[in-house]
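Comments concern the structure below.
The values are calculated or read from the model by the stated rules, or taken from the named source; none is laboratory data. This is a predicted model, so every value here is computed, not measured. Quick reminder, even Gly has a Cβ in these numbers, built from the backbone with ideal geometry, and neighbours come from all protein chains shown. These accessible areas exclude ligands, DNA and RNA; they are computed on the full protein's heavy atoms, side chains included. Shrake-Rupley method; radii C 1.70, N 1.55, O 1.52, S 1.80 Å.
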Amino acid sequence: LEKKYRHLRLTSAIMHVWQDREIRFDSPDSHLRPRAGEFKIDLLDAVEDTKGNNGDRGKLLVTNLRIMWVSSSRPRVNLSIGYNAITNISTKRTFSKLRGAAEALYILTKISKTQFEFIFTNLSEEGPRLFSTVMAVHRAYETSRLYRELRLRSAVVRNKELQLLPLEEVYSKFTGVWNLSSDQGNLGTLHITNVRLVWHCNLNESFNISLPYLQIKLVTIRDSKFGMAMVLETTPQSSGLILGFRVDPFEKLKQIVQEVRSLSQVFTAAPIFGVEYKVEESPREHRRE
């Protein structure tokens with residue numbers, strides 16, 4: 001059976017997304033370039049890394065996945081801080097060699113069991129913009145995790161209707177889909193969108209699965225004790241779970257797998273991470289224009 005249906009197998013081509021999950025120091029230029037689906041939100045030209053490079057002027061780039069600081073005089077000295085690593089953001093008074101006593105942005109992070117503290121001071125008069133932009137974008141990241149993370153038994157369905165995310169579109173809805181996670185299976189409905197798959201039980205909609213394409217490692221058709229089924233394997237980030245779904249007739253099962261494969265390939269080319277924020281220009285910036 002594996003050989004017969006090998007053409008239905010899908011290994012996700014989405015490269016490992018590290019930009020929002022890691023902290024990197026003194027990275028090569030290639031690691032500072034936006035990856036697919038990453039875009040610039042704001043750029044501040046005069047920011048000091050007061051904690052690590054006090055007295056060194058640099059640029060701070062805010063994207064939808066991370067913040068990056070690059071020294072203006074020594075570009076090899078740089079930082080990449082993923083939003084997922086951030087545990088707290090606040091403002092405190094600090095001393096800058098370039099500006100003196102000033103209000104600064106304090107960022108606490110944690111990777112595994114290691115904690116890092118970063119302090120950034122805006123050297124221009126637009127100090128509050130540094131604070132407001134970074135805080136707001138990080139908040140947007142935190143509230144958009146359904147785009148990027150596997151969720152089980154979450155509030156994604158209400159009155160048997162999928163609760164759409166702001167950038168989400170439903171492409172297909174299949175009834176009569178069995179979830180094979182239990183000995184007897186559970187009958188439910190499968191929603192296929194541009195960012196994820198969502199299945200929910202018909203008798204208990206709180207029993208559901210929300211699986212973003214970003215977390216799918218493998219899609220295949222395999223034989224099971226329930227008959228032929230679509231099998232999804234998640235990435236290590238989602239604990240490498242194996243999920244099985246069955247639907248009749250077999251042609252319908254093949255249609256679902258082919259659609260998941262096609263949409264996953266589209267997502268690979270242009271991932272949607274769900275972080276949306278627009279910087280509003282201040283009156284001071286308008287006057288300078």
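In region 44-54, how many residues are surrounded by fewer than 19 Cβ atoms within 10 Å (Cβ to Cβ) and closer than 19 Å to ILE107 by Cβ?
5
Tally up the residues in region 62-107 that are hydroxyl-bearing (Ser, Thr, Tyr), farther than 14 Å from GLN19 by Cα and either in contact with a Ser or Thr (Cβ under 7 Å, 6 or more places away or on another chain) or open to solvent by less than 10 Å² (accessible area, probe 1.4 Å) (or both), please.
5
Looking at (1) closer than 25 Å to TRP18 by Cβ; (2) assigned to a strand (DSSP E or B); (3) free of Cβ contacts under 8 Å to residues at least 12 places away in the same chain, find the lone condition where ARG139 falls short.
With (1) closer than 25 Å to TRP18 by Cβ; (2) assigned to a strand (DSSP E or B); (3) free of Cβ contacts under 8 Å to residues at least 12 places away in the same chain applied to ARG139, the lone miss is (2).
Just name the residue that is nearest to LYS40 (Cα to Cα) out of those in region 117-135 that are in contact with a strand residue (DSSP E or B) (Cβ under 9 Å, 6 or more places away or on another chain) and surrounded by fewer than 17 Cβ atoms within 10 Å (Cβ to Cβ).
MET135
On the given criteria, is ASP56 acidic (Asp, Glu) and in contact with a helix residue (DSSP H, G or I) (Cβ under 9 Å, 6 or more places away or on another chain)?
Considered against the rule, which asks whether it is acidic (Asp, Glu) and in contact with a helix residue (DSSP H, G or I) (Cβ under 9 Å, 6 or more places away or on another chain), ASP56 comes out as no.
Quick one: in region 162-183, which of the residues that are loosely packed, with under 13 Cβ neighbours inside 10 Å and modelled with pLDDT under 95 is farthest from GLY244 (Cα to Cα)?
Step by step, filter region 162-183, then rank; the result is ASP183.
Of all residues in region 23-43, which are in contact with a Leu (Cβ under 7 Å, 6 or more places away or on another chain) and either loosely packed, with under 15 Cβ neighbours inside 10 Å or farther than 18 Å from ALA85 by Cβ (or both)?
Hits for region 23-43 are PHE25, LYS40, LEU43.
Yes or no, residue by residue, for (1) over 30 Å from ARG21 (Cα atoms); (2) in contact (Cβ under 8 Å) with a residue 12 or more places away in the chain; (3) in contact with a strand residue (DSSP E or B) (Cβ under 9 Å, 6 or more places away or on another chain):
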| site | (1), (2), (3) |
| --- | --- |
| LEU167 | no, yes, no |
| VAL170 | no, yes, yes |
| GLY176 | yes, yes, yes |
| LEU180 | yes, yes, yes |
| LEU203 | yes, yes, yes |
| TYR213 | no, yes, yes |
| GLU233 | no, yes, yes |
| PHE245 | yes, yes, yes |
